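**Student:** This structure is in structure tokens; I'll ask about it shortly.
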Amino acid sequence: FYLRTSNAAGVADLAFRYGPAHVGWVPLVGDWDGNGTDTVGLYSPASGTFYLRNSNSAGVANMAFRYGPANVGWIPLVGDWDGNGTDTVGLFNPASGTFYLRNSNSAGVANVAFRFGPANAGWVPLVGDWDGNGTDTVGLFDPVASAFYLRNSHSGGTANVSFRYGPAGKGWAPLMGDWDGNGTDTAGLFDPVTSTFYLKNSNAAGVGDVTFRYGPANAGWTPLAGDWNEPGL
């Protein structure tokens with residue numbers, strides 16, 4: 001992991017290894033212990049196991065548990081679904097367009113399950129606090145049209161906010177974050193060919209408010225977003 005504490009070009013402020021190499025595990029970010037700092041995690045799709053760590057450093061998982069079926073192509077999610085200040089896990093089944101959200105980082109059944117968006121369409125699930133109410137909800141990104149569809153409740157229905165941002169069909173990866181610290185998460189895009197981030201401070205069409213290169217170009221690295229700074233720093 002290579003974490004940077006400013007949205008600008010430069011070198012990593014934190015760099016460390018966590019988890020096994022070359023096994024296809026998915027990197028995650030969340031505030032697992034509610035201390036105000038985001039730290040890393042990993043998800044093993046082969047076993048359906050989450051491995052969450054409470055510090056941005058090498059070591060073993062502070063929490064490890066299975067949630068959901070193994071090896072079925074479901075996509076892991078992270079968010080504060082109940083607004084209690086702690087991030088917990090979820091899963092998205094792309095074949096049915098169904099979200100399964102859990103309010104604790106432990107094995108068990110989903111606390112909330114619902115369908116949102118078209119099934120089996122290749123859309124990317126998103127998570128963020130779109131309306132600034134302190135609770136994360138879901139969204140979807142259509143890579144063919146470079147369109148975002150965001151919903152403000154844990155339920156099926158139509159998008160509360162929808163817009164196009166960035167070039168269509170280019171393979172750019174969406175990422176969401178509170179880039180300006182105003183309490184609302186907004187859209188970003190990452191161009192893997194040039195390793196360029198394009199961050200926008202509103203969920204609307206337009207150009208990026210912040211643009212910079214970070215990391216090696218065309219290397220297959222995964223973009224991450226989080227508040228790595230400890231509270232008060």
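The values are calculated or read from the model by the stated rules, or taken from the named source; none is laboratory data. These numbers were taken from a predicted model, which means no experiment stands behind them. As a convention, Cβ positions derive from the backbone with ideal geometry for all residues, glycine included, and neighbour counts pool all protein chains shown. Calculation scope for accessible area: heavy atoms of the full protein, side chains included, ligands and nucleic acids excluded. Shrake-Rupley method; radii C 1.70, N 1.55, O 1.52, S 1.80 Å.
**Student:** Under a plain spin-label model, where a point goes 7 Å from the Cα along Cα-to-Cβ, how far apart in nm are Thr5 and Ala95?
**Tutor:** With each label point 7 Å from Cα toward Cβ, the separation is 4.5 nm.
**Student:** Share of the chain's accessible area from carbon and sulfur, percent, 1.4 Å?
**Tutor:** Taking all protein chains in place, the chain shows 50 percent carbon and sulfur surface.
**Student:** Please give me the summed charge of the neighbours of Ala12: other residues whose Cβ is under 14 Å from its Cβ, Lys and Arg +1, Asp and Glu -1.
**Tutor:** +2
**Student:** Follow-up question, since we're still on this one. Using a 1.4 Å probe on the protein heavy atoms only, what accessible surface does Ser153 show? Give it in Å² to the nearest 10.
**Tutor:** 40 Å²
**Student:** Assuming R0 = 25 Å, what is the FRET efficiency of Asn182 and Ala64, from their Cβ-Cβ distance, to the nearest 0.05?
**Tutor:** 0.10
**Student:** Given a cut-off of 17 Å, what percent of all Cα-Cα pairs of the range 8-99 lie beyond it?
**Tutor:** Taking all Cα-Cα pairs of the range 8-99, the fraction more than 17 Å apart is 53 percent.
**Student:** What's the local net charge at Asp178, with K and R +1, D and E -1, over the other residues with C-beta under 9 Å away?
**Tutor:** Its environment carries a net charge of -4.
**Student:** Can you give the charge dipole size of the chain about its Cα centre, rounded to the nearest 20 debye, using +1 on the beta carbon of Lys and Arg and -1 on the beta carbon of Asp and Glu?
**Tutor:** 780 debye
**Student:** Roughly how large, in nm² to one decimal, is the mean projection of the convex hull of the alpha-carbon atoms in the range 96-191?
**Tutor:** Projected over every direction and averaged, the Cα hull of the range 96-191 covers 6.7 nm².
**Student:** For the range 142-233, restrict the atom set to alpha-carbon positions and state the Rg and Dmax in Å.
**Tutor:** Rg then Dmax for the range 142-233, in Å: 14.0, 41.
**Student:** Here's another thing I want to ask about it. Using 0.36 nm times the number of residues separating Arg115 and Asp227, minus their current alpha carbon distance, what extension gain do you get?
**Tutor:** Residue separation times 0.36 nm, minus the Cα-Cα distance, leaves 37.4 nm.
**Student:** Compactness ratio of the chain: Cα Rg over 2.2 N^0.38 Å, N = residue count?
**Tutor:** With N residues counted in the chain, Rg over 2.2 N^0.38 Å equals 0.95.
**Student:** Right, something else. Would you work out the charge dipole size for the range 121-211 about its Cα centre, treating the Cβ of every Lys and Arg as +1 and the Cβ of every Asp and Glu as -1, and quote it to the nearest 20 debye?
**Tutor:** I would put it at about 320 debye.
**Student:** Rounded to the nearest 10 Å², what accessible area does Leu91 have for a 1.4 Å probe in the complete protein model?
**Tutor:** For Leu91, solvent-accessible area is about 0 Å².
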